[in-house]
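Chemist: Can you keep this structure in mind? I'll have questions shortly.
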Amino acid sequence: MERLQKVIAASGITSRRKAEGYIVEGRVKVNGVVITELGYKVKKGDIVEVDGEQIQKENKVYYVMNKPKKTVCTLSDEFDRKTVVSLIDSPERIFPVGRLDYDTSGVLILTNDGEFANQIIHPAYHIPKTYDVMITGILTTPQIKQLEKGIELDGVMTLPAKVRIRRKDLALKKTKLDLTIQEGRNHQVKKMMEYFGYEVTSLHRKSIGFLKVDDMSQGDYRLLKPYEVKRLRALAMKGKEE
Ligand code: URA
């Protein structure tokens, strides 16, 4: 048995919050009877209608995109900037799993499966995400050690990160590195570099777990294969046990 607003949201016609509004407004019927009670439990086989139209359970879809720079991961933008969702031609109400900044490119998963999304982004599941980072300044060995141990950001320690220096340009005072983190806090990579006084000048997410977009141009996307979704779920489950 599932709550009525959840069943309506799962059909993809609207969000759970808006579904609650529909119920209270008397726009929802179950087996032909108007239900205005939030949290009414729907049984298997019940017929749910919204504004007289029977709803169907939406298929779950999973995409991976190489997010281009100059796009936002919110569903709409107050400055009318292009959203990642608008780049995907999908009849389902998909949303990005976690956020990449406006000026960040790289691996982004989009789906209409909230539970899956939570497993990918929640730090408890420890899925490694690797970023290709360019910073102003030369990252020192003690700083690398600190990143590998964890640093305090906004009062909370980061989980141990992995650092791989790819290039140090002593003349131009720049470092290019791969940084692998297990969380996805807001602007985390930029904040980790700011902690040492460095500015991130370029940021690209190379991978989420095994998932990469090396063979895709920025803005390209594709459906994930069922085995890839399964592998991502398995990775999350493994991370949770560790
Ligand atoms: N960390 C950031 O600072 N920005 C991103 O877009 C992703 C990770």
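The values are calculated or read from the model by the stated rules, or taken from the named source; none is laboratory data. The structure displayed is predicted, hence computed values, not measured ones. Backbone-built Cβ (ideal geometry, glycine too); neighbour counts: all protein chains shown.
Chemist: Can you report the number of residues in region 117-138 which are free of Cβ contacts under 8 Å to residues at least 60 places away in the same chain and touching a strand residue (DSSP E or B) at 6+ places or on another chain (Cβ under 8 Å)?
Modeler: Here the count works out to 2.
Chemist: From the list Gly26, Gly39, Gly12, Gly45, exactly one residue is touching a residue at least 60 places away in the same chain (Cβ under 8 Å) and assigned to a loop (DSSP other than H, G, I, E, B). Which is it?
Modeler: After applying the criteria, what remains is Gly12.
Chemist: Among the residues of region 84-92, is there at least one that is within 16 Å of the ligand (Cβ to nearest atom), touching a Ser or Thr at 6+ places or on another chain (Cβ under 8 Å) and outside any helix (DSSP H, G or I)?
Modeler: Checked against the condition, which is being within 16 Å of the ligand (Cβ to nearest atom), touching a Ser or Thr at 6+ places or on another chain (Cβ under 8 Å) and outside any helix (DSSP H, G or I), region 84-92 yields at least one hit.
Chemist: Name the strands (runs of 3 or more DSSP E) wholly inside region 139-242 in which the number of residues that are touching a residue at least 40 places away in the same chain (Cβ under 8 Å) is 1 or more.
Modeler: Details: elements: 162-169, 174-181, 199-208, 221-223.
The qualifying strands (runs of 3 or more DSSP E) are 174-181, 199-208, 221-223.
Chemist: With the condition kept exactly as written, say whether any residue in region 211-228 is β-branched (Val, Ile, Thr) and in contact with a helix residue (DSSP H, G or I) (Cβ under 7 Å, 6 or more places away or on another chain).
Modeler: First, pick out the residues of region 211-228 that are β-branched (Val, Ile, Thr): 213.
Okay, now just the ones that are also in contact with a helix residue (DSSP H, G or I) (Cβ under 7 Å, 6 or more places away or on another chain), so none.
Among the residues of region 211-228, not one is β-branched (Val, Ile, Thr) and in contact with a helix residue (DSSP H, G or I) (Cβ under 7 Å, 6 or more places away or on another chain), which makes the answer no.
Chemist: Restricted to region 141-190, and to residues that are charged (D, E, K, R) and closer than 20 Å to Tyr125 by Cβ, which residue is farthest from the ligand (Cβ to nearest atom)?
Modeler: Across region 141-190, the extreme among qualifying residues is Lys162.
Quick grid of which residues meet (1) assigned by TED's automatic domain parsing to the domain that holds Leu108; (2) surrounded by 15 or more Cβ atoms within 10 Å (Cβ to Cβ); (3) of a type in the set (D, E, K, R); (4) over 22 Å from the mean Cα position of the chain (by Cα):
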residue: Arg164; (1), (2), (3), (4): no, no, yes, yes
residue: Ala171; (1), (2), (3), (4): no, no, no, yes
residue: Thr175; (1), (2), (3), (4): no, yes, no, yes
residue: Thr180; (1), (2), (3), (4): no, yes, no, no
residue: Lys190; (1), (2), (3), (4): no, yes, yes, no
residue: Met193; (1), (2), (3), (4): no, yes, no, no
residue: Phe196; (1), (2), (3), (4): no, yes, no, yes
residue: His204; (1), (2), (3), (4): no, yes, no, no
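Chemist: Could you say which residue among Ile88, Ile55, Ile121 is among the β-branched types (Val, Ile, Thr), under 12 Å from the mean Cα position of the chain (by Cα) and within 24 Å of Ala19 (Cβ to Cβ)?
Modeler: Answer to the check: Ile121.
Chemist: Which one of these is modelled with pLDDT under 95, within 15 Å of the ligand (Cβ to nearest atom) and not aliphatic (A, V, I, L, M): Gly114, Gly98, Gly106?
Modeler: Answer to the check: Gly98.
Chemist: Can you tell which of Asp169, Asp178 is in contact with a Lys or Arg (Cβ under 6 Å, 6 or more places away or on another chain) and not hydrophobic (A, V, I, L, M, F, W, C)?
Modeler: Result: Asp178 is the single residue among Asp169, Asp178 that is in contact with a Lys or Arg (Cβ under 6 Å, 6 or more places away or on another chain) and not hydrophobic (A, V, I, L, M, F, W, C).
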